[in-house]
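**Student:** One structure, as structure tokens, below. Some questions next.
The values are calculated or read from the model by the stated rules, or taken from the named source; none is laboratory data. This one's a predicted model, so the numbers in the text were calculated from it and none came from an experiment. Positions of Cβ are backbone-derived with ideal geometry, glycine not excepted, and every protein chain shown enters the neighbour counts. SASA here: full protein model, heavy atoms, side chains in, ligands and nucleic acids out. Shrake-Rupley method; radii C 1.70, N 1.55, O 1.52, S 1.80 Å.
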Amino acid sequence: MTQRNRLPERGRVDRSRTLRFQFNGRTYTGHPGDTVASALLANGVRLVGRSFKYGRPRGVIAAGPEEPNAILQVGTDPATTTPNLRATQTELYDGLVCSSTNGWPSTERDLTSVVGKVGGRMMPPGFYYKTFMWPSSLWMTYEKGIRKAAGLGQSPSQPDPAEYDHMNHHVDVLVVGAGPAGLSAARTAARAGARVMIADEQPELGGHLLASRATISGTPAAKWVRRQTDALAREPEVTVLRRTTAVGYHDHNFVVLSERRTDHLGPDAGGVRERLHRVRAGQVVIATGAHERPLVFGNNDRPGVMTASAVGTYINRYGVVPGERLVLMTTNDHAYHTALDWHNAGREVVAVVDTRAEAGGDLPTEARACGIRVLTGHGVIEAAGGRSVTGARVAPLSADGESLAGTTHELPCDVIATSGGWSPVVHLTCHTGDKPVWSEEVLGFVPGETRQARVCAGGVNGTYALEAVIHEGVDAGKRAATAWGFEATEMRDLAVSVAEPSQDPSMKLFLVPHHKPVTRAPKQFVDFQTDVTAAAIEVAVREGYESIEHVKRYTVMGFGTDQGKLGNVNGVALTARARGKTIPETGTTVFRPAYTPVTFGALAGMERGGLLDPARFTPMHLWHVRQGAAFEDVGQWKRPWYYPRHGESMQQAVNRECLAVRQRVGMLDASTLGKIDIQGSDAREFLNRVYTNAWMKLQPGRCRYGLMLKEDGMVFDDGVTACVDDEHFIMTTTTGNAGPVLEWLERWHQTEWPELDVCFTSITDQWATVTVTGPESRNVVAKLCDDIDFSREAFPFMAWREGTVAGALARVFRISFTGELTYEINVPADYGMHLWEAVYAAGEPYGITPYGTETMHVLRAEKGFIIVGQDTDGSVTPEDLGMHWALKREKPFSFLGQRSLDRSDSRRRDREQFVGIRPLNGEAVLPEGAQAVENPSNPVPKRTIGHVTSSYYSAALGHSIALGLIERGHDRQRERLHFMTSDGRLEEAELCSTVFYDPDGARQNV
Amino acid sequence: MTQLTLPRAESPLHHADLPALAGQDQKGGLILREERFSALVILRGPDDDPGMRAGVEGALGAAPPTEPCSSVLGDDGTRLLRITPDEWLVFGPGTQRQDLMSRLRSALQGTPGRVVDVSSGYACLHLSGEALADVLKKSTSYDVHMRNFPPGKVVGTTFGKGQAYMLRTDADSVLVIVRRSFADYTWLWLQAAAEEYGLSIAG
């Protein structure tokens, strides 16, 4: 197909190169500089999609982000395809493949259009709202059909191979929009010395000047833009971002920009595809311009109906005239530019239909002088044609535009361009909660009052005359820079003048009346993407929806991927009219981020795969990997779970590891335990306050188990703390609680007891810990150390010694989490791997067996040792755990949580208490979390009286064991209860002591 | 005693074998060097205590700085980084490893100053190269522009999803200090962040 609508010259496309692309399976050509929309129009393609509800044929309406119809699925690769891209913003590259997202299953012949022709009865206005409100069970069924018919595109089905990232910026002035106002603001602020960032969603800076024939102080607009761009490039502290949309404006001038870096190069470009810029700006200049507002009339969705400025943009920027014969309908002088552009391109302007009674400004005069027919006091009430416009039905209007004043005649044409004025792009200003304000002068909503440090300039303020826009930009740049402490200098080259044509006032008109009432007239579309008509709005008001927010939800106006950029203001005006209220009384709906859709890739950035969350490793990790260990996540740590030997199941490996510790010797990487160095003359007193037990008499060289409670008396953490000297202690915490415990200590020290001389330093990462445990452990460690006496008398249980182990300075603790003779050897982490390998080598003659966290859990459960966070859940007191022995209530300064232990709830007789549980079937391992019931024949729902917290098979004992919290458990020894398993079976078990193995502790006292 | 030789030390990024990578011909926008086996000591105490200040100055040739986020150079390549109102990270080259701690401890006898050896607890990554600023902007929300982050300044901040101390050592380089267990994560992060600029390893 040839580009029959392409002009031989004019525009910013590079005609020396031809690009081929596919749309809905057909191949077309375009040029560098084209968007998919401009290229399709150049090829004479009218039909770009089908509508959401009625399946009506749709064409390109706009030339920017407000486009509701030309929404594409770009790319066919299941990993990189992107849905919902606006054809008007999708840059063409060679080989681009795209299809309509609206218009399943095919745009040309659509099944939903059959539905549409039945009158959309399946989906009357309010379908979305009503289905949400009550038949919720049916919503899922409805939604499948709606989503498919609505054509919201296909998500990629394969993992995205592209790279995405985030970048943080701090700037003095952020300028959003690089049209004439934004460029002037950026240059002024940069000259003042500010760090400036300017971002624009288009591939080139310039905004609407890229499609303008204006001259600025005698310089053509495009050349003026190039000068500003070059000047910005010379400023060292200016960052210019192209293809970058400001998608969210948040409190404290935190603005999120989404940059599309490679999509315009095609799918194989490589590099970072999209980048999310997180900008913290001192001052923000909003220079987002305005979108032209179409007029609402019958069948105004026929392909070929466009906004006047879009037609002008296609002609001037892309060298594309999107038809042969134009009818232009306008309420203002500005749109006459488009008629003149069309005329100058050598094609026929059938008529300008001006809704105003008179049009005497310079532009209408110029149009008439060119021989263009101008019909004043008329409106296009209806478009003729089916899949494309074939004519415009025109009728005279009453002076107020509310009714028709005569009969209709038809003007043959293939394009109807309309202009109802302009709507400032206030969306970003609204993201922070500012309410836009209706201006009768502008006939649009302009930014309202704000609490943010921001300035608006140009079209967003309703300032449209180019000279004024540039001066407003300069002023905004100056104000922003000085507000942020810079001294602004005069910008002589920006003191420009632009010859403006004289203009008559615009007419306030949104809906062009029809002979028939709104509800009977041919469909008059307000929001094209969601198929909301003027009639639907009237129905909504008639049904009693008064708030604009309710009308929005009832009609779904503004719910599309375009968020109703084109239709919202018309919708507000028609709601106001239907309610007999003013526009300010009606107000707007809330514009929320994102301004245009953002991909999940951009939001995720680098934080996916291995970088989703930090993984923490011990110095011995590589050894575990080489041994084929299975790993378990403990907080962010990767800990060896068990070390399966060839062909072993997890249970087999754990049984073997458990028996090795009980019979010979095992070794565990315990480096992840939290370790906190505590120093100060009040260190001992501090410990006394945060732990439940007594610390005044702990001697240097000794250690003690401690229990920490929150203020509510519930167990928070436990661990062993060692005394180095009177003013120096080393605390250990559970792996997962290392951070929270340090914060807890700091909080109490900093906010409650700053008078205590004590300081805390995390040394978790400084020390690597190898636990050597089992009857042979003494023999193993003695081989590696000759300056510590490991004899029972010299180095008793709950003591620690400093010495040299395997050549490294070490702290050795004789404590035990297994019930066996145990030495925990700590060395600086640099020597962790060395120590681990030395222990392994020294232990080999004794059959030393590395074991993981699962075996650690089984061994401690056999001894009834708790794991905080597994056997406790923040609602368990030390007394519930049977740890009365750890409470020292007579301390001069009561420990944290002490008073809460005397609350009536803590003293309640029927609290759940920590018990051992022995299943009668010794092969059955109860599921952790299994609920306990007294009598299984009770009716459902059965009252449960507790649950299993830990459960394992004990190889040493030859049967399964469990721990749990059971109502009045301490008084129920040897009672039998029934535990419900997840598959609905019941297991009977007997309650017993929590210490299953070596109840006298003989094995660790050797 | 089966162990007679000196114990073998491994730096936090030992497993990445950076020395082997450093040997390769490379042109990267980001240059990474692991400062292996540096001496690191945490010093705690009231910043206005004359005894502690004199003790530190006697041992290192510089008193602990009191200006937030500042650092000072001491003798023999040592540097004191102020990281909280009563906390300093004392950084020394590897040659100081054996005695930095003991020198400080004896100098602080009788004062409220306390020291903790954390030489093994952190990975110290020296970053430079023309893409340094961009890589840092991807990695931290802190403002790393020279106007805000000049040489000598030290901040504790986010790095990826972890935390780091960042010291601007000079106009062209930054020392990133992360907890040892986060070293591998930070290494992966930097590889990803620097991919578009190229990454070189310095020995």
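**Student:** Would you mind checking the range A:594-638 for residues with the amide N under 20 Å from a putative spin-label position 7 Å along Cα→C-beta of residue A:250?
**Tutor:** Hits in the range A:594-638 for residue A:250 at 20 Å: A:594-608, A:612-614.
**Student:** Moving on to the next point. Largest first, what is the accessible-area ranking of A:823, A:54 with a 1.4 Å probe?
**Tutor:** A:54, A:823
**Student:** If you add up the charges near residue A:365, with Lys and Arg at +1 and Asp and Glu at -1, over every other residue whose beta carbon is less than 12 angstrom from its beta carbon, what do you get?
**Tutor:** Every neighbour counted, the sum reads -4.
**Student:** Using per-residue counts of other Cβ atoms within 10 Å, averaged over each peptide, order A:178-191, A:412-425, A:539-552 from highest down.
**Tutor:** Answer by packing, highest mean first, reads A:178-191, A:412-425, A:539-552.
**Student:** Summarise the partner chain shielding of A:157-167 as one whole number: the mean count of Cβ atoms from other chains within 10 Å of each residue's Cβ.
**Tutor:** Mean shielding count: 2.
**Student:** Just the accessible area per residue of chain A, please: how many Å² with a 1.4 Å probe?
**Tutor:** Solvent-accessible surface per residue comes out at 38 Å².
**Student:** Excluding ligands, DNA and RNA, what is the accessible area buried between chains B and A, summed over both sides, using a 1.4 Å probe, to the nearest 100 Å²?
**Tutor:** Separately minus together, B and A give about 4400 Å² buried.
**Student:** Continuing with the same structure: Quick check: from the Cα gyration tensor, does chain A come out rounded (a/c under 1.5), prolate or oblate?
**Tutor:** Verdict is prolate for chain A.
**Student:** Starting from the Cα of residue A:154, step 7 Å toward the Cβ, then list every residue of the range A:6-44 with an amide N under 17 Å from that point.
**Tutor:** Backbone N within reach: A:22-26.
**Student:** Need one value for B:180-193: mean number of C-beta atoms belonging to other chains within 10 Å of its residues' C-beta atoms.
**Tutor:** Counting other chains' Cβ atoms within 10 Å and averaging over B:180-193 gives 6.
**Student:** What are the residues of the range A:800-846 that lose 30 Å² or more of accessible area, with a 1.4 Å probe, going from their chain alone to all protein chains?
**Tutor:** Hits at the 30 Å² cut-off: A:807, A:830, A:831, A:833, A:834.
**Student:** Could you compute the FRET efficiency for residue A:1000 and residue A:705, with r as their C-beta to C-beta distance and R0 at 22 Å, rounded to 0.05?
**Tutor:** Efficiency for this residue pair is about 0.75.
**Student:** What order do you get for A:980-991, A:69-80 when each peptide is scored by the mean count of other beta carbon atoms within 10 Å, highest first?
**Tutor:** Put in order of decreasing packing, that is A:69-80, A:980-991.
**Student:** Accessible area of residue A:978, 1.4 Å probe, to the nearest 10 Å²?
**Tutor:** 30
**Student:** Quick one: net charge of residue A:920's neighbours, Cβ under 11 Å, K/R +1, D/E -1?
**Tutor:** Neighbourhood net charge equals -2.
**Student:** Taking the highest mean first, how do the peptides A:993-1006, A:876-889 order by number of other beta carbon atoms within 10 angstrom per residue?
**Tutor:** Ranked by mean Cβ neighbours within 10 Å, highest first: A:876-889, A:993-1006.
**Student:** Report, in whole Å, the centroid distance computed from the Cα atoms of the range A:228-307 and the range A:42-78.
**Tutor:** After rounding, the separation between the Cα centres reads 21 Å.
**Student:** Given Cβ point charges of +1 (Lys, Arg) and -1 (Asp, Glu) and nothing else, what value in debye, to the nearest 20, does the dipole of the range B:39-119 about its Cα centre take?
**Tutor:** So the dipole magnitude of the range B:39-119 works out to roughly 220 debye.
**Student:** Moving on. Would you mind getting me the FRET efficiency between residue A:233 and residue A:9? Use the beta-carbon distance for r and R0 = 30 Å, nearest 0.05.
**Tutor:** 0.60
**Student:** So which of B:137/B:161; A:53/A:552; A:675/B:161; A:638/A:675; B:27/B:153; A:638/B:161 end up more than 25 Å apart, counting from Cα to Cα?
**Tutor:** B:27/B:153
**Student:** Given labels modelled 7 Å from the Cα in the Cβ direction, how far is it in nm from residue B:197 to residue B:84?
**Tutor:** 3.2
**Student:** For peptide A:757-764, how many partner chain Cβ atoms fall within 10 Å of a residue's Cβ, on average?
**Tutor:** Partner Cβ neighbours, averaged per residue: 5.
**Student:** Quick one: compute the contact order of chain A, relative version, from alpha carbon pairs under 8 angstrom and 6+ residues apart, as a percent.
**Tutor:** Rounded, it is 9 percent for chain A.
**Student:** Say R0 is 45 Å: what FRET efficiency, to the nearest 0.05, do residue B:161 and residue A:899 get from their beta-carbon distance?
**Tutor:** E between residue B:161 and residue A:899, to the nearest 0.05, is 0.70.
**Student:** Calculate what fraction, in whole %, of the accessible area of the protein assembly as shown sits on carbon and sulfur atoms when a 1.4 Å probe is rolled over the protein chains.
**Tutor:** After summing per-atom areas, the C and S share lands at 50 percent.
**Student:** Filter the DSSP H helices in chain A by two things, a Kyte-Doolittle mean of at least -0.5 and an axial alpha-carbon span of 18 angstrom or more, and list the hits by number.
**Tutor:** Long hydrophobic helices here: A:136-150, A:466-483, A:650-663.
**Student:** Assign one of three labels to chain B, namely rounded, prolate or oblate, based on the Cα gyration tensor with a ≥ b ≥ c the square roots of its eigenvalues; rounded applies when a/c is under 1.5, prolate when it is not and a/b is larger than b/c, and oblate otherwise.
**Tutor:** Here chain B falls in the oblate category.
**Student:** For chain A, build the charge dipole from Cβ charges (+1 Lys, Arg; -1 Asp, Glu) around the Cα centre, then report which of A:989, A:851, A:754 sits farthest towards its positive end.
**Tutor:** Farthest towards the positive pole: A:989.
**Student:** If you don't mind, another one. I want to make sure I understand the PRE zone here: with the label point 7 angstrom from the Cα of residue A:786 toward its beta carbon, which residues in the range A:827-862 have backbone N atoms less than 17 Å away?
**Tutor:** Taking a point 7 Å out along Cα→Cβ of residue A:786, the residues of the range A:827-862 whose backbone N falls under 17 Å are A:842.
**Student:** With charges only on Cβ, +1 for K and R and -1 for D and E, what is the dipole size of chain A about its Cα centre, in debye, rounded to 20?
**Tutor:** 3040
**Student:** Each label point is 7 Å from the Cα along the Cα-to-Cβ direction; what then is the distance between the points at residue A:802 and residue A:215, in nm?
**Tutor:** With each label placed 7 Å out from Cα toward Cβ, I get 8.7 nm.
**Student:** Compute the signed sum of charges (Lys and Arg +1, Asp and Glu -1) over the other residues within less than 13 Å, Cβ to Cβ, of residue A:981.
**Tutor:** So the surrounding residues net to -3.
**Student:** So what's the gap between the Cα centers of the range A:526-576 and the range B:46-116, to the nearest angstrom?
**Tutor:** 68
**Student:** Percent relative contact order of the range A:449-546, based on C-alpha pairs within less than 8 angstrom and at least six residues apart?
**Tutor:** Worked out over the range A:449-546, it gives 15 percent.
**Student:** Which of the residues in the range B:90-116 show a loss of at least 20 Å² in accessible area from their chain by itself to the complete set of protein chains, at a probe of 1.4 Å?
**Tutor:** Buried by 20 Å² or more upon assembly, which counts only protein chains, are B:114, B:116.
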